[in-house]
Amino acid sequence: MKIYGHPKTRSLRAVWAAEEAGLEYDYHKVRLMRGEHRQADYLQLNPGGKVPTLVDGELVLTESYAICSYLGSKAHGSDLVPHNADDRAPYDQWCSFAITELEQPLWTIAKHTFVLPEEHRRPEIMDTAEWEFARAASVLSEGLADRPYILGETFTVADILLAHTLLWAANRELAAEQRNLQDYLQRCTGREALQRANSRETGKTV
């Protein structure tokens, strides 16, 4: 199994999921600043030229949600991905929320800050994106309530997606104001699997 990624990107989600699942994998750093994500051999794996990418035998996955769920499903004796339909439904809901609602304003900010060519950037969209993130964070805060994790007592891949997105926001100085989200982020980012994942991506011991 191979995970292609780069530090401080969505690939941390995939590496975190692999570490939580206790899976063996090879980590391949894609040097974005050198344009390795635009080279032909990498584009054959990921036509979008993004990270992460997972290769497991003949299977190739290119979206962090799909990759994390796949890795969680491979964990033996783990509840990283719920097994029954009643638990899987809210799991899918919160995974989708992380990607489509909580993350999207942050990606908008990133695109209009440094990702898009300058002629396509619209700085005036920043205020709207920040407002959208604050609104999504309020929905998450209400959904989390006083539970330790989004589905209750059990840490799942949904928490990886949500916590990583909250961490992304905090690094952009958009930290959620709600106390329960602050505690939740601290709880999730304190997990040993995340520390191992950070070390794997950066090559530095945390």
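Straight distance only, please: which lysines reach the Cα of K111 with their own Cα at less than 25 Å, same-chain residues fewer than 8 apart left out?
K8, K29, K50
Please list, or write none, the lysines whose alpha carbon is within less than 20 Å of the alpha carbon of K74, excluding same-chain residues fewer than 8 places away.
Correct list for K74: K2.
Pop a pseudo-label 7 angstrom from the Cα along the beta-carbon direction at both N84 and H120 and give the gap in nm to one decimal.
That separation, rounded to one decimal, is 4.7 nm.
Where Rh is the Kirkwood radius over the Cα pairs of the stretch 55-98, the temperature 20 °C and the viscosity 1.002 mPa s, what D in µm²/s does Stokes-Einstein return?
189 µm²/s
Filter the GluC sites (Glu not before Pro) in the stretch 26-77 down to the DSSP loop ones having no more than 15 other Cβ atoms within 10 Å, then list what survives. Don't skip to the end; give the middle numbers.
On the way: sites: E36, E58, E63; in loops: E58, E63.
Loop-located and lightly packed - E58.
Got a sec? How would I160, I125 order by Cβ neighbour count within 10 Å, fewest to most?
Listed from fewest to most nearby Cβ atoms, that is I125, I160.
Rg (Å, one decimal) plus Dmax (Å, integer) for the alpha carbons of the stretch 85-191?
Answer for the stretch 85-191, Rg first and Dmax second: 14.4, 47 Å.
Compare N84, N171, N46 in a GNM of the chain, Cα atoms joined below 10 Å, and give the one with the largest fluctuation.
N84
Output the relative contact order of the chain, whole-number percent, from Cα pairs under 8 angstrom with separation of 6+ residues.
24 percent
In units of 2.2 N^0.38 Å, what is the alpha-carbon radius of gyration of the stretch 2-78?
Working: Rg = 12.0 Å, N = 77, 2.2 N^0.38 = 11.5 Å.
Expressed relative to 2.2 N^0.38 Å, the Cα Rg reads 1.05.
Quick note: the coordinates plus some simple rules give every number you see, no bench work behind them. Because the structure is a prediction, the values reported are computed rather than measured. Note that we place each Cβ from the backbone using ideal geometry, even for glycine, and neighbour counts take in every protein chain shown.
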